[in-house]
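What follows is one structure encoded as structure tokens, with my remarks underneath.
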Amino acid sequence: MKKKSMNRITMYNILSTILLQGIAFFTSPVFSRLMGKTNYGIVSIYNTWVSVISTSFGLQTHSTIAVARNEFPEWEQKAYQSSILSLSLSSYLIFAVIMMMAISPLSNAMNMAKDIYCIMLLHGLGQFCVTFINMKFTYEFDAEKNFVLSMVTSLCSVGFSMFLIYLLPKKVNYFGRILGNACTYIFLGIIIIIFVFSSSKVGYIKKYWTFCIPLCIPIVFHNLSGLILNQSDRIMLQVSTSYATVGVYSLAYSFGSILSTIWNALNNSWVPFYYDFTRNRQNELIRKHAINYTELYTVLSIGFILLTPEVYRIFAAEEYWEGTRLISLFSIGFYMIFLYSFAVNYEFFNKKTKVIAIGTSITALINIVLNLVMIEKYGMKGAAISTAVSYSIQYLFHAISAKRIEKTSKVAYQFSMRMFIPYVAIFLCTAFICYHIDNSYTLIRWGTALTLGVIELIRVKKRKAIF
């Protein structure tokens, strides 16, 4: 792949991710002010349940699209995608029927009205379909289509939500945000299903389902464990404190997730090229680009932490400011996600999805235990510390697992822990210092961030590659 093509695809993927995740983030100040802490907390909990349903009911079949490109010839790819989508829809229908049969006890357990419960099921399906097509476009290097999809999804979701929030009374305006988001994903989900099946009218094909199921089932548990790791703190805060506390914590987390958005954008570009380089045994290229990638993400992460106190006070209403210091702790967790993704990508290339699931499940359990202890003692700060520690443990697990897999793999694992030590050390020092000085030394922080940013831009321009 030529550098120009690599840079072009990377830029489109960055823009797509910013639109799909970033617009939701950038509109958070507006929605948090319009809805208030309690209603914002309600929407946050609803979105958590939608993510759980979208992750589990569709069986994560789209996670096998990348590996299928190594297994089947190009002319079979559309048939494979159509077949595994039919598997997902069948699974989703079965789970949805069971959920509807138990609507009363389950909606009560979730503290959710029945109409919202039904919307949630449809919303989850739409969200799954958008993720499916996003994965298809990513591994077909069709970044332009991903960009258009992201733009439509983001603008429609935000615009419709705003319209409904202004129509509804303030006490229940959270329903406007829920319905606006859900309708967008439901509509797009229908379009995506038609699009995939129109390109290849294939349903059940034994060899495709047989290949897909053993790989995707562990990824369901991996992603569910990831959701527990990512969301259990909010649910446990809700039980221990209030929706208002969840609202403060969620907005701070949303702000911190800028780093997650950046990582998603870069990773969506990195993985297809990494798999391509790995298939062709281009080890020197892998190491070269990986170092550039790590340097870039570390500089962006450090710059983000340095600028956080002032930017967050512009981003959030004053009632949310108590969550400002948590963002440095969240940043540590997001940086560890970036680090462990190198090992997970290698594990997935080697079809070791069970190892991925085991690692995330163990980490999720550790996080729950830490939350039980830390939330009661330290509240929101305890939840943030638990998350950062859990993600650090997850990185160590996968780094060790990848080295063990290498012993029996045909391809080498190119990312030693020693390679990351300088970057991790600088990042952690910055995070801990910024946590303790809070909003002090503004000029020094901003001057350092600006200097680092200029130096990195010069380095990117010099190498003529984003990574």
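Given that just one value was derived from the coordinates, which of (1) 48, 30, 22; (2) 38, 29, 25; (3) 31, 30, 21 is semi-axes √(5λ) of the Cα gyration tensor in Å?
Structure-derived value, by its label: (3).
Using only the Cα atoms of the range 330-411, what are the Rg and Dmax in Å?
14.2, 48
Rounded, prolate or oblate for the range 374-436? Axes are the square roots of the Cα gyration tensor eigenvalues, ordered a ≥ b ≥ c, and the cut-off for rounded is a/c under 1.5. Don't skip to the answer; put the middle values down first.
Details: a/c = 6.02, a/b = 1.85, b/c = 3.26.
Cα axes put the range 374-436 in the oblate bin.
At 222 nm, what value in deg cm²/dmol follows for the chain if DSSP H runs of at least 4 each add -39500 (n - 2.57) and the sum is divided by all its residues, to the nearest 500?
Calculated mean residue ellipticity at 222 nm is -29000 deg cm²/dmol.
Across the range 305-444, how large is the tail of the calculated P(r) beyond 21 Å, expressed as a percent of all Cα pairs?
Result for the distance tail: 52 percent.
Report the gain in length on full extension from Glu71 to Ser104: 0.36 nm times residue separation, minus Cα-Cα distance, nm rounded to one decimal.
Between Glu71 and Ser104, full extension yields 7.4 nm more.
R0 = 35 Å: FRET efficiency of Ile433 with Thr38, Cβ-based, nearest 0.05?
0.55
Can you give the convex hull volume per residue for the Cα atoms of the range 23-166, as a whole number of Å³? Please report the intermediate quantities before stating the final value.
Numbers: hull volume 16.4 nm³, N = 144.
Measuring per residue, one finds 114 Å³ for the Cα hull of the range 23-166.
For the full complex of protein chains and a 1.4 angstrom probe, list Lys207, Lys201, Lys37 by accessible area with the highest value first.
These residues rank, largest area first, as Lys201, Lys207, Lys37.
Sorted by packing (mean other beta-carbon atoms within 10 Å per residue), highest first, where do 169-175, 325-331, 259-265 land?
Peptide ranking by packing, descending: 325-331, 259-265, 169-175.
Counting alpha carbon pairs within less than 8 Å and at least 6 residues apart, what relative contact order, in whole percent, applies to the chain?
Numbers: 582 pairs, mean separation 105.9, N = 467.
Result for the chain is 23 percent.
May I ask you to compute the full-extension gain from Asp142 to Trp321, defined as 0.36 nm times their residue separation minus their alpha-carbon distance, rounded to one decimal in nm?
60.4 nm
On full extension of the chain, what length is gained from Leu155 through Met419, given 0.36 nm per residue of separation minus the C-alpha to C-alpha distance?
Contour length minus the Cα-Cα distance gives 91.0 nm.
I need to check one value: relative contact order of the range 334-448, counting alpha carbon pairs closer than 8 Å and at least 6 residues apart, in percent.
Normalised by residue count, the contact order of the range 334-448 is 30 percent.
Say R0 is 35 Å: what FRET efficiency, to the nearest 0.05, do Val97 and Lys207 get from their beta-carbon distance?
0.80
Could you sort 450-462, 391-403 so that the peptide with the highest average Cβ count within 10 Å comes first and the rest follow in order? Spell out each step's value before the answer.
On the way: 450-462: 12.5, 391-403: 20.2.
The peptides rank, most packed first, as 391-403, 450-462.
Roughly how many Å² is the accessible area per residue of the range 32-182, as a whole number, for a 1.4 Å probe?
Details: 5930 Å² over 151 residues.
Accessible surface, normalised per residue, equals 39 Å².
Setting aside same-chain residues fewer than 8 positions from Lys78, which lysines have a Cα under 19 Å from its Cα?
Of all the lysines, those that pass the test against Lys78 - Cα under 19 Å, at least 8 places apart if same chain - are Lys136, Lys145, Lys201, Lys206, Lys207.
Please list the equivalent ellipsoid semi-axes of the range 87-212, computed as the square roots of five times the alpha-carbon gyration tensor eigenvalues, in descending order and whole angstrom.
29, 22, 9
List the lysines whose Cα sits under 27 Å from the Cα of Lys171, skipping any in the same chain fewer than 8 residues away.
Reachable lysines: Lys37, Lys114.
Among the listed pairs Lys351/Lys410; Lys354/Lys407; Lys288/Lys354, give every one whose C-alpha distance is greater than 19 Å.
Lys288/Lys354
The values are calculated or read from the model by the stated rules, or taken from the named source; none is laboratory data. Quick caveat, the model's predicted, so the values are computed rather than measured. Here Cβ is always computed from backbone atoms with ideal geometry, including for glycine, and neighbour counts include all displayed protein chains. With ligands, DNA and RNA removed, areas are computed over all heavy atoms of the protein, side chains included. Shrake-Rupley method; radii C 1.70, N 1.55, O 1.52, S 1.80 Å.
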